[in-house]
Structure formats: C-alpha cells, structure tokens
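The values are calculated or read from the model by the stated rules, or taken from the named source; none is laboratory data. Predicted model only: the values in this text are computed from it and were never measured. As a convention, Cβ positions derive from the backbone with ideal geometry for all residues, glycine included, and neighbour counts pool all protein chains shown. These accessible areas exclude ligands, DNA and RNA; they are computed on the full protein's heavy atoms, side chains included. Shrake-Rupley method; radii C 1.70, N 1.55, O 1.52, S 1.80 Å.
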Amino acid sequence: EKRVPLICEAFAGLDEQLVVAGDGEQRPTVERFARENDNIDYRGHVDDIESLVGHSRAVVYAPRAEDFGLVGAEAQVAGRPLLGVNEGYTRTQVKTGHGETFKPTVDAIRATVRAFDPAAYDHAEIRADARRYERDEFQRRLRAIVLGDADDGDDADESSADDEGEGSPTDTTLA
C-alpha cells in the first residue's frame, strides 16, 4: 500500500503543489482529491516518469512496510530529495542530506513538507549516491560481500553526475 490518499490529504491543507503519478485501486480517491483541491494534479499512468521526477522539487513516498522502494530509488537516481515514511526500506533509503523522514500521519507529512527547503540538497550528490542501484555497482558490491572482501562498497567512486539536459525543477512535489 502506497498511502497516496494520506499524502493527498496532507497536501489538501497546504499551499504546495502535488503531482500524483501512477494507477491502482486508490485512483478514485486520488481523483476526488485532485478535483477538490487546486494544488493536487493527478496524472495517472505516466510513460516518462523519469522526466516528471527529474523536474520535481522532491518526491513524497509513504509506503506501508515496503521491502524495497523503487519510487525512492527513482527519486534518488534523478537527484531529487526523498521525503519518505520512517518505515521499512524507505527509512533506509532516506540518508542524511538526501531527504527527510516522517511518521505516516497527515500532520507529520505537512510539517515535513513545510520545513522542506530544496536549496538545502545537492542534486549531484544524491545522484552519485544512487549509483548503488546501478546493475554493475550492485554486482560489484554483492561480489565483495560473497567473497568476504573488507570493502563493502561504501567508498565507491562517487563522482558527480552531469547536469546536462536536466531542466529546472518545477514548483511541484511528486507522490
């Protein structure tokens, strides 16, 4: 469960823009929030999710006890801060300097979004850290663990990603 209605309810009380992408059983509820709130835009299925995420200010993600959050990884690969629920793997994905965690409540999400300052985050640093999700890097780190190498891969080359082709972030937050 992604708790998208919870995120929508939190944004219904805020001035910040929320763009929701994706489809599923919660769609009717999310569509209702979008109809009733000018700051919530429901896009449904989006073919070019990378572009949408890459042009957002941050990604808000509140899954219930997810083992691995692809949405969180997509945010980080795009160099965007992850504002994520303090549960499951999402809690692990949100590193210091790469986002913020919150409890899964309307008030906690609102407080996190209100306190969020996009200028406090280094997009290139977030992208560099997200290299851990690349196939070659994952294989290298797994091989090191299996072979018992002392190097766990945390000091992997973290050269900055190139900003070429990246548009300016819009005043939207993506859920």
Seminar exercise, completed: per DSSP, antiparallel bridges as share of beta bridges in the chain, % nearest 5, sits at 0 percent
For this session: Please give the peptides 76-83, 26-33 ranked by average Cβ packing (other Cβ atoms within 10 Å per residue), highest first, as a rough proxy for protection.
Result: 76-83, 26-33
Exercise. Hey, can you rank 35-45, 12-22, 57-67 by average C-beta count inside 10 Å, highest first?
Worked result: 57-67, 12-22, 35-45
For this session: Could you list which residues have their amide H under 5 Å from that of GLY79, counting only those 5 or more apart in sequence or on another chain, with H placed in the peptide plane?
Result: ARG127
For this session: Would you please give the residues with an amide H less than 5 Å from that of GLY99, counting only those at least 5 places away or on a separate chain, with H modeled from the backbone geometry?
Result: LEU82
Problem set entry | Neighbourhood net charge (9 Å Cβ-Cβ; Lys/Arg +1, Asp/Glu -1) for ARG64 | -1
Exercise. For LEU142 and LYS103 in the same chain, what is the full-extension length gain: residue separation times 0.36 nm, less their Cα-Cα distance, in nm?
Worked result: 10.9 nm
Exercise. Solvent-accessible area per residue for the stretch 36-75 at a 1.4 Å probe radius, Å²?
Worked result: 50 Å²
Seminar exercise, completed: With Cα coordinates, the longest principal axis of the chain makes an angle with the long axis of helix 106-115, in degrees rounded to 10, of 70 degrees
Problem set entry | Per-residue SASA entry for PHE138, accessible area with 1.4 Å probe, Å² rounded to 10 | 120 Å²
For this session: Give the label of the value calculated from the structure for Rg and Dmax of the Cα atoms in Å, choosing from (1) 18.0, 51; (2) 24.1, 90; (3) 16.6, 56.
Result: (3)
Exercise. Which value at 222 nm does the chain reach when only helices count, each DSSP H run of 4 or more adding -39,500 (n - 2.57), with the total divided by all residues and rounded to the nearest 500 deg cm²/dmol?
Worked result: -11000 deg cm²/dmol
